[in-house]
Amino acid sequence: MPQTDSNSTAKPQIYATITDFARVFREDMGSLHLLSFLLTADHEKAEECFVSGLDDCVEGNKVFREWTRSWARRAIIQNAVRMLTPRRENPTGAPPPVDPVDYGFGQTPEASAAITNVLKLRDFDRFVYVLSVLERYSDQECSALLDCSRQDVREAKTRGLQQLSESAAKSITTGSPATNQLHLISFSR
């Protein structure tokens, strides 16, 4: 029968290390930066959100190694929420104007058009859309992160999906790049 050394100090590393988070931020840089940008709708704020997310992961609480990627995404989301404090808005107000441009994410024209349409959403609706549809958070998780009711989340998700659907229909009739393929900006996990 093999003997085991009960005094052995070699334990498997179950918690994420600084190196683990650095690797995740390096490997997933594109999708993490896109997440930051979709939430903040601003390149400078996105960069700040990304860097703050990395800092929070490195300096934060211990996290199980297998949670490293989801923890990094959550840190970015929490930073974006703190930066913009999106609140339920008057749904009849005008959304911000956004011109279609190349956002520098190496995306296809179709994906750039989809990003443009997401950026046209009002802050609260955009946060709810990104969290609930792209990140697959439940209505309860969204309401907790955004400090609102689940009803507010459901209404914002409906408005966002409706607006994106209308934008996609309009782009199809005008011959613009199709934006009805929302998976074009979905994140790799």
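Assorted remarks:
- Set side by side, the residues 125, 147, 152 differ, and just one is on the phi > 0 side of the Ramachandran plot and not small (Gly, Ala, Ser), which is 147.
- Some residue of region 46-60 being at pLDDT below 90 and part of a loop (DSSP other than H, G, I, E, B): yes
The values are calculated or read from the model by the stated rules, or taken from the named source; none is laboratory data. This one's a predicted model, so the numbers in the text were calculated from it and none came from an experiment.
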